[in-house]
Amino acid sequence: MSVLDSFRLDDKVVVVTGASSGLGVSFAQAFAEAGADVVLGARRVDRLAETAGLVEAAGRKALTVATDVAVPEQCQALVDAAMQTFGRVDVLINNAGVGTAHPATRETPEQFRSVIDVNLNGAYWVAQACGRVMQPGSSIINVASVLGITTAGLPQAAYSASKAGIIGLTRDLAQQWGARKGIRVNALAPGFFKTEMTDEYKPGYLESQAHRLILGRLGDGRELAATAVWLASAAGGYVTGQTITVDGGLTIT
Ligand SMILES: NC(=O)c1ccc[n+]([C@@H]2O[C@H](COP(=O)([O-])OP(=O)(O)OC[C@H]3O[C@@H](n4cnc5c(N)ncnc54)[C@H](OP(=O)(O)O)[C@@H]3O)[C@@H](O)[C@H]2O)c1
């Protein structure tokens, strides 16, 4: 196999959560271009249908499943649907997430819990469901954030805790499922990528962080998705338990 062939994911089945917008769309499209069929989960099914169109335009099959990752039964149903339609799950991209910013002395329990419920708990429910059916050679990629490693000037206790939690979850699942199940588990820590999440920042916020962008620009979702393809493929076959930072250099500032 040539080195470039080792990046291909022909006929693999990939589950992408949060596939209705932003980075989830980039992941779905990239994995389809790499040869995989893609199972798309999120709450907005109309938007999932648009992502499915992109997967099909790349010549691969898509399955859309209405999924709220905060509900464990819906996470199990997403993976059950993938198994019923395709008979296997080779890759999970645990990408669904929400971002909030509340000063710590004013954040309510509901506000804090709602972020942890989606970003951390939701990722675990989907990983559990996948871990029950994945065969040796499979791979899980959890989407963390640079906010799991550093700060960025906003009051984001819930978001940062959820993303630091994802990094711990990644380490532990990697050690539980490595030799025993042959499943590699890694995380991505993206810096700033323009999506609906970053569109919610107040005017001037991104500009206030611009001095930390060593490459002088925001990231492109295709650059993050290409890293995920590498991690999920045979090319990344000896990488597990790691958090790969894709941030244009932000975390060295
Ligand atoms: N953009 C960045 O700069 C950046 C940086 C670091 C990390 N990230 C991480 O990247 C991931 C994707 O974010 P994004 O930037 O692409 O933002 P986005 O465009 O807002 O996408 C978020 C996705 O998560 C889904 N989602 C939210 N709550 C959900 C729930 N309860 N159940 C199922 N799906 C849910 C949304 O779908 P529905 O609303 O249709 O359910 C949507 O598809 C997140 O984990 C985020 O924390 C982003």
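Annotations for the structure displayed:
- Of all residues in the stretch 14-44, those being surrounded by fewer than 24 Cβ atoms within 10 Å (Cβ to Cβ) and either over 18 Å from residue 221 (Cβ atoms) or aliphatic (A, V, I, L, M) (or both) number 4.
- Members of the stretch 206-242 that are within 12 Å of the ligand (Cβ to nearest atom) and not charged (D, E, K, R): 206, 209, 213, 218, 219, 221, 224, 225, 228
- Test set (1) part of a helix (DSSP H, G or I); (2) closer than 30 Å to residue 102 by Cβ; (3) at pLDDT 95 or above; (4) not hydroxyl-bearing (Ser, Thr, Tyr) - residue 178 fails condition number: (2)
- For the stretch 132-165, a tally of residues being away from the ligand (no atom under 13 Å from the Cβ) and under 16 Å from the mean Cα position of the chain (by Cα) returns 3.
Residue-by-condition table, conditions (1) surrounded by 18 or more Cβ atoms within 10 Å (Cβ to Cβ); (2) not in a helix (DSSP H, G or I):
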{"site": "140", "(1), (2)": "yes, yes"}
{"site": "162", "(1), (2)": "yes, no"}
{"site": "166", "(1), (2)": "yes, no"}
{"site": "174", "(1), (2)": "yes, no"}
{"site": "189", "(1), (2)": "yes, yes"}
{"site": "201", "(1), (2)": "no, yes"}
{"site": "215", "(1), (2)": "no, yes"}
{"site": "226", "(1), (2)": "no, no"}
{"site": "240", "(1), (2)": "yes, yes"}
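- Note on the stretch 196-231: residues that are closer than 25 Å to residue 101 by Cα, among the β-branched types (Val, Ile, Thr) and at pLDDT 95 or above total 1.
- Residue in the stretch 67-118 that is farthest from residue 43 (Cα to Cα), counting only those that are within 13 Å of the ligand (Cβ to nearest atom) and among the polar types (S, T, N, Q): 100
- Some residue of the stretch 83-95 being of a type in the set (Val, Ile, Thr), without any contact (Cβ under 8 Å) to a residue 24 or more places away in the chain and either crowded, with 24+ Cβ neighbours inside 10 Å or over 24 Å from residue 189 (Cβ atoms) (or both): no
The values are calculated or read from the model by the stated rules, or taken from the named source; none is laboratory data. Everything numeric in this text was worked out from a predicted model, so none of it was measured. Note that each Cβ is placed from the backbone with ideal geometry, even for glycine, and that neighbours are counted across all protein chains shown.
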